[in-house]
Amino acid sequence: MPAVIETEDLFFCHGTPACDETYMLENMGANGSTLKKSEEIMEYAQYIKQEIIFCAHTHIPRVVYLPHNKIIINPGSVGLPAYEEAFPIYHKMESGSPFANYTIVSKEQEHWLIEQVLIDYDRQGVINKSKENGRLDWTCALETGRM
C-alpha cells in the first residue's frame with residue numbers, strides 16, 4: 001500500500017504523513033500516552049489540504065479538532081484493541097474494549113458528520129488462533145481490550 005492516500009476531501013496515513021511508526025496524536029512517556037498539544041499535531045498536518053485526516057497506529061479510537069478547520073480521526077482497530085510496544089519507549093496501548101472499531105464520515109452541506117462505531121463480533125476463532133500461536137498477549141487483548 002502507499003504511505004498516504006488522498007481524495008479531494010480526505011487524507012489517510014498510518015502513523016504520520018512522513019513516518020509509519022510515529023504516533024500523530026499521542027506522546028509516550030513514563031506514565032503512558034498523553035494527547036499531543038494542538039500545535040504539535042498541526043506540525044504534521046500543516047501541509048495537508050484536506051480538512052479530514054485519518055491516522056491510525058495506536059489502535060485507539062479518537063477524534064481531535066484542530067485550528068484551521070482540521071479534524072484528525074483515528075478509527076481504532078478492527079481486530080487488535082490493545083498491544084505492547086517498545087518504540088519509542090516501552091508502553092501499552094489499550095482501547096479498554098474488545099469490540100472492533102471503525103469510523104463513518106459523511107458530509108451534509110458544509111458540515112462533517114463523524115460516527116465512531118464499536119461493534120461486537122465473534123472473536124473466539126482469533127482468540128483460539130492466538131493461543132495456538134503462543135500469543136497470550138493477543139489473547140488477553142482480544143478478550144478484554146487490555147494488556
Original post:
Rounded to a whole number, what % of the accessible area of the chain do carbon and sulfur atoms account for, probe 1.4 Å?
Top reply: 52
**OP:** Measure off 7 Å from each Cα along the Cα-to-Cβ vector at residue 63 and residue 110, then give the distance between these two points in nanometres to one decimal.
**Re:** 1.9
**OP:** Report the longest stretch of the chain that contains none of the GluC sites (Glu not before Pro) sitting in a DSSP loop with at most 12 other Cβ atoms within 10 Å.
**Re:** 22-109
**OP:** Express in whole angstrom the spacing between the alpha-carbon centres of segment 1-37 and segment 86-147.
**Re:** 17
**OP:** Quick one: dipole size for the chain, taken about the Cα centre, charges +1 on Lys/Arg Cβ and -1 on Asp/Glu Cβ, in debye to the nearest 20.
**Re:** 340
**OP:** Quick one: which residues, 5+ away or cross-chain, put their amide H under 5 Å from the amide H of residue 99? H built at 1.01 Å from N.
**Re:** none
**OP:** Find out how many positive minus negative residues lie around residue 48, taking Lys and Arg as positive, Asp and Glu as negative, among other residues whose Cβ is under 14 Å from that of residue 48.
**Re:** -3
Original post:
Rounded to the nearest 0.05, what FRET efficiency is calculated for residue 122 and residue 92 with R0 set to 22 Å and r the Cβ-Cβ distance?
Top reply: 0.30
Original post:
To the nearest 500 deg cm²/dmol, what mean residue ellipticity at 222 nm is calculated for the chain from DSSP H runs of n ≥ 4 alone, each contributing -39,500 (n - 2.57), summed and divided by the residues?
Top reply: -5000 deg cm²/dmol
**OP:** Count charges around residue 27 for me, please; just the other residues with Cβ under 14 Å from its Cβ, Lys/Arg as +1, Asp/Glu as -1.
**Re:** -2
**OP:** Using the heavy atoms of the protein chains and a 1.4 angstrom probe, tell me the accessible area per residue for segment 96-146 in square angstrom.
**Re:** 68
Original post:
With springs only between Cα atoms under 10 Å, which of 76, 125, 96 fluctuates most in a Gaussian network model of the chain?
Top reply: 125
Original post:
Say a site is exposed when it is one of the chymotrypsin sites (Phe, Trp or Tyr not before Pro), sits in a DSSP loop, and has at most 15 other Cβ atoms within 10 Å; what is then the longest site-free stretch of the chain?
Top reply: 1-46
**OP:** Can you check what the net charge comes to around residue 114, using other residues whose Cβ is under 12 Å from the Cβ of residue 114 (Lys, Arg +1; Asp, Glu -1)?
**Re:** -1
**OP:** Quick one: dipole size for segment 90-147, taken about the Cα centre, charges +1 on Lys/Arg Cβ and -1 on Asp/Glu Cβ, in debye to the nearest 20.
**Re:** 340
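The values are calculated or read from the model by the stated rules, or taken from the named source; none is laboratory data. Note that the structure is a prediction, hence the values are computed from the model and not measured. When we count neighbours, we look across all protein chains shown, and the Cβ atoms used for this are built from the backbone with ideal geometry, even at glycine. When the accessible area is computed, the model is the full protein with side chains, heavy atoms only, and any ligands, DNA or RNA have been set aside. Shrake-Rupley method; radii C 1.70, N 1.55, O 1.52, S 1.80 Å.
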